[in-house]
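Asker: The structure that follows is given in the form of structure tokens.
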Amino acid sequence: MIICYGSQTGNAENFAKDLYEDASEKGFKVGIISLASPDFLEKARHALDSSPVFVFITSTWTDGTPPPSCSSFFSWLQQDSCKLELDFNNVKFTVFGLGNSEYAANFCKAARDLDDRLVALGGKRVCARGEEDDYSPSIFGSWKDSLWVSQGARLMGNSVQFIQEDSDEESTSSAQEEDDLDDMLQGEEGGTCGSKADLEDLEDLGKIASRGKEEKEGVVTLRGKPKKMLNPSLEASLTKQGYKLVGSHSGVKLCRWTKSMLRGRGGCYKHTFYGIASYQCMEATPSLACANKCVFCWRHHKNPVGTSWRWETDDPQFLVDGFVSKHRAMIKEMRGLPGVIPERLEEADTVRHCALSLVGEPIIYPHINKFINLLHEQSISTFLVSNAQFPSQMENLVPCTQLYVSIDASNAEELKAVDRPLFSDFWERFLECIDILDRKGQRTVFRLTLVKSFNMSEVEGYANLIRRGRPDFVEIKGVTFTGGKKPQLGMSNVPWHAEVVSFASQICKMVDDEYEIASEHAHSCAILLANKKFKRGSDWYTWIDYPKFFELVRSGQPFTSLDYMTKTPEWAVYGRGIPGDGGFDPAEIHYRKGDSRTSTPMSSRPDTPSSMR
Ligand SMILES: Cc1cc2nc3c(=O)[nH]c(=O)nc-3n(C[C@H](O)[C@H](O)[C@H](O)COP(=O)(O)O)c2cc1C
Ligand code: SF4
């Protein structure tokens, strides 16, 4: 057996390796090739001489296309001349697809097209196609079972014996049943395991192969009942990335700036722009799922996607308690970290801010309003970032301390390229959210993440969006390089701070009747444009009076962003900070490797009111 995989971010590759191990254990002679390999054809020809069965495992990407890394192979396969290069009449094959059912008609399309194309070229399907949905309980195990009893396995010298080994005493496997099974798997049109329609088939397969009752029930329960958002492999992957999961759809993570400020090494740009104490900030989300697959997502696409809430739902009080307790536990672990300032560590035990921007789309959580209110009741401020795909949820949202929308591009084409949204009417949804933001009368922010070669072509488009949504602030930030096994972006996509400043200045020039550059955080390549209503004389008032905000919320009376603004310190104002390191708080100390100096705690600085700490 030769396993050929097409994978962009490693999922199909992992499935291929799993199958490789299983097949080896079962005694099959097995090889493995990537469809992205430049010498695929040579290897495939060689394999054809000795290997009777090809197993193709491939994911599907944007608009139902094959993974970009394998585009050469898939283009080659479309050409008529490919028949001259490989004897497809001799190819016995099966296909397993990976995808996400949220992509509706494009679900596992690359695998389906591959399956059809191989038949059209003369190949013989020896086992029904399998299809794995990112968020359904895995179908892969059942599909492998079907492979081990298929014609393919028999061609490789094995048969139903593997099922018999595992089966219980009631096993009724017989030659007749094997034939039934093959008939079912073969199907005239070439069936599938894994799609909803085929769950019936899997139940039948369960009966025929006499698999355990539990497994059969597992398949049956796929229908109807809401699922858990995270399956065990997603849970493992997110945990590996440092998330502390709370309940079944939420997570909290310790931000690197929280650690940095605990050690007196500087806060994040929200400290500079709005006066948050980064060491008392908790980064969390009540929904790890969102409706995009942004190219810069540092979650490496291990988070689930969805166009609506269709999962089991946890109680908001449970989430708030879980977030705070897991955050505090992570803070406690910082105790032994060299350079931690004891006074800050003690204060950090009290959470003062919650950045609802960790991952996913917080506003699709059905109890988002209750959740926000619970945070405010504990005097925890809320900075909520939405990706502007859910207008009705945006409309119904209660006031947050600061409400953001991500403006990842200035036109539909670029937004599609950057966010790779699930919704086909993504641009209309995006504009509707911007209109709602304007009407909400809250403290609002546009967040622009600049990605070179993706969304920095059209300054005027951004200016138009700003005029349309009239946010209080516009944060313009260079994308952060996320690395990862197979990064979507390279360092060439990351703009320098000077480029961000220049781009921000160009945008600002187009809206300078209302906006001005108010602050910067050079370390994060971030610039803040503020509406001039936050300026008094030469002083800026971009910082937030947090106690005042909670007072206003508790009053139940309507209020605006001007009611809880407070003065921005001089060091945080654009052009008045440390030359070359604008926006770095002078009370902190820049860390350089090998530097053993300690820092001045924020609390001892005269220009920082205690309410800001
Ligand atoms: C940008 C993007 C576009 C996607 N488009 C589709 C699609 O059209 N159809 C589908 O079934 N799955 C789609 N998916 C889901 C992937 O196929 C799925 O996450 C798969 O597990 C990725 O496997 P890989 O890491 O091996 O490439 C898409 C994923 C991303 C990130
Ligand atoms: S909206 Fe956020 S969580 Fe979703 S893909 Fe984009 S960056 Fe990642």
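The values are calculated or read from the model by the stated rules, or taken from the named source; none is laboratory data. Since the structure is predicted, the reported quantities are computational estimates derived from the model, not experimental observations. Methodologically, a virtual Cβ is constructed for each residue, glycine included, from the backbone with ideal geometry; neighbour enumeration extends over all protein chains shown. Accessible surface is based on the protein model in full, side chains and every heavy atom, while ligands, DNA and RNA are left aside. Shrake-Rupley method; radii C 1.70, N 1.55, O 1.52, S 1.80 Å.
Asker: Are any residues in region 461-485 open to solvent by 50 Å² or more (accessible area, probe 1.4 Å) and within 14 Å of ALA526 (Cα to Cα), and if so, which ones?
Answerer: THR480
Asker: Can I ask one more? Among the numbered criteria (1) within 16 Å of ligand 1 (Cβ to nearest atom); (2) within 28 Å of GLY583 (Cα to Cα), which single criterion is violated by LEU234?
Answerer: Here LEU234 meets the rest and fails (2).
Asker: Then there is this: Let me spell it out: the conditions are (1) of a type in the set (Asp, Glu); (2) open to solvent by 10 Å² or more (accessible area, probe 1.4 Å); (3) modelled with pLDDT of 95 or more, and GLU458 meets all of them except one. Which number is the exception?
Answerer: Of the numbered conditions (1) of a type in the set (Asp, Glu); (2) open to solvent by 10 Å² or more (accessible area, probe 1.4 Å); (3) modelled with pLDDT of 95 or more, the odd one out for GLU458 is (3).
Asker: Hey, another quick one. Kindly indicate whether any position in region 29-49 is in contact (Cβ under 8 Å) with a residue 12 or more places away in the chain, closer than 22 Å to SER233 by Cα and of a type outside the set (Lys, Arg).
Answerer: Among the residues of region 29-49, not one is in contact (Cβ under 8 Å) with a residue 12 or more places away in the chain, closer than 22 Å to SER233 by Cα and of a type outside the set (Lys, Arg), which makes the answer no.
Asker: Kindly evaluate SER248 against the criterion of being assigned by TED's automatic domain parsing to the domain that holds GLU475, more than 13 Å from the chain's Cα centre (by Cα) and surrounded by fewer than 18 Cβ atoms within 10 Å (Cβ to Cβ).
Answerer: Working: assigned by TED's automatic domain parsing to the domain that holds GLU475: yes; more than 13 Å from the chain's Cα centre (by Cα): yes; surrounded by fewer than 18 Cβ atoms within 10 Å (Cβ to Cβ): yes.
The answer is yes for SER248.
Asker: Pairs under 7 Å by beta carbon, first residue within 17 Å of GLU475 (Cβ to Cβ) and aliphatic (A, V, I, L, M) in region 528-557, partner in a helix (DSSP H, G or I) and open to solvent by 10 Å² or more (accessible area, probe 1.4 Å), six or more apart or different chains?
Answerer: LEU529/CYS508
Asker: Can you tell me which residue within region 387-420, out of those that are within 16 Å of ligand 2 (Cβ to nearest atom) and of a type in the set (Ser, Thr, Tyr), is nearest to HIS367 (Cα to Cα)? Don't jump to the end; show me each part of the working.
Answerer: Start the filter on region 387-420 by keeping residues that are within 16 Å of ligand 2 (Cβ to nearest atom), which leaves 387-391, 393-394, 403-409, 414-420.
From what's left, of a type in the set (Ser, Thr, Tyr): 404, 406.
Numbers: TYR404: 19, SER406: 22 Å.
Here the answer is TYR404.
Asker: Answer yes or no as to whether LEU552 is touching a helix residue (DSSP H, G or I) at 6+ places or on another chain (Cβ under 9 Å), surrounded by fewer than 20 Cβ atoms within 10 Å (Cβ to Cβ) and farther than 26 Å from GLY267 by Cα. Steps first, please.
Answerer: Values: touching a helix residue (DSSP H, G or I) at 6+ places or on another chain (Cβ under 9 Å): yes; surrounded by fewer than 20 Cβ atoms within 10 Å (Cβ to Cβ): yes; farther than 26 Å from GLY267 by Cα: yes.
In short, yes.
Asker: Of all residues being of a type in the set (Ser, Thr, Tyr) and part of a loop (DSSP other than H, G, I, E, B) in region 231-266, which is nearest to ILE589 (Cα to Cα)? Just the residue, please. If you could, list the steps in order and put the result at the bottom.
Answerer: Step one: of region 231-266, the residues of a type in the set (Ser, Thr, Tyr) are 233, 237, 239, 243, 248, 250, 258, 260.
Remaining after also requiring part of a loop (DSSP other than H, G, I, E, B): 243, 248.
Details: TYR243: 28, SER248: 40 Å.
Only one residue tops the list, namely TYR243.
Asker: For region 3-20, which residues satisfy the criterion of being among the β-branched types (Val, Ile, Thr) and either at pLDDT 95 or above or within 11 Å of ligand 1 (Cβ to nearest atom) (or both)? Can you show your working first?
Answerer: Applying the first criterion (among the β-branched types (Val, Ile, Thr)) to region 3-20 yields 3, 9.
Across region 3-20, the qualifying residue is only THR9.
Asker: Residues that are at pLDDT 75 or above: find the helices (runs of 4 or more DSSP H) completely inside region 109-193 holding 3 or more of those. Before you say what the answer is, go through the steps one by one.
Answerer: On the way: elements: 109-120, 140-148, 151-155, 161-166, 175-186.
Because the criterion is at least 3 residues that are at pLDDT 75 or above, the helices (runs of 4 or more DSSP H) in region 109-193 that meet it are 109-120, 140-148.
Asker: Looking only at region 251-268, filter to residues that are within 26 Å of the chain's Cα centre (by Cα) and among the small types (Gly, Ala, Ser); which one of those is surrounded by the most Cβ atoms within 10 Å (Cβ to Cβ)? Step through it out loud before you land on a result.
Answerer: Of region 251-268, the ones within 26 Å of the chain's Cα centre (by Cα) are 251-260, 267-268.
When the remaining residues are screened for being among the small types (Gly, Ala, Ser), the result is 251, 260, 267.
On the way: GLY251: 29, SER260: 20, GLY267: 26.
So, considering only residues that are within 26 Å of the chain's Cα centre (by Cα) and among the small types (Gly, Ala, Ser), the one surrounded by the most Cβ atoms within 10 Å (Cβ to Cβ) is GLY251.
Asker: I'd like the residue in region 421-455 that is away from ligand 2 (no atom under 14 Å from the Cβ) and of a type in the set (Ser, Thr, Tyr) and, out of all such residues, is least open to solvent (accessible area, probe 1.4 Å).
Answerer: The qualifying residue least open to solvent (accessible area, probe 1.4 Å) is THR444.
Asker: While we're here: Would you check if THR566 is surrounded by 23 or more Cβ atoms within 10 Å (Cβ to Cβ) and touching a residue at least 12 places away in the same chain (Cβ under 8 Å)?
Answerer: Details: surrounded by 23 or more Cβ atoms within 10 Å (Cβ to Cβ): no; touching a residue at least 12 places away in the same chain (Cβ under 8 Å): yes.
The answer is no for THR566.
Asker: Scan region 1-20 and report the pairs whose first residue is in the same structural domain as ALA44 (by TED's automatic domain parsing) and polar (S, T, N, Q) and whose second residue is away from ligand 2 (no atom under 16 Å from the Cβ) and assigned to a helix (DSSP H, G or I), with Cβ atoms within less than 6 Å and a gap of 6+ or a chain change.
Answerer: Cβ pairs passing all conditions: SER7/GLU13; GLN8/SER69.
Asker: Yes or no: THR272 touching a His at 6+ places or on another chain (Cβ under 6 Å) and either in contact (Cβ under 8 Å) with a residue 12 or more places away in the chain or assigned by TED's automatic domain parsing to the domain that holds GLU102 (or both)?
Answerer: Numbers: touching a His at 6+ places or on another chain (Cβ under 6 Å): yes; either in contact (Cβ under 8 Å) with a residue 12 or more places away in the chain or assigned by TED's automatic domain parsing to the domain that holds GLU102 (or both): yes.
Answer is yes for this residue.
Asker: Please specify each residue of region 68-91 satisfying the condition of being touching a residue at least 40 places away in the same chain (Cβ under 8 Å), closer than 27 Å to ASP134 by Cα and not hydrophobic (A, V, I, L, M, F, W, C).
Answerer: PRO68, SER69
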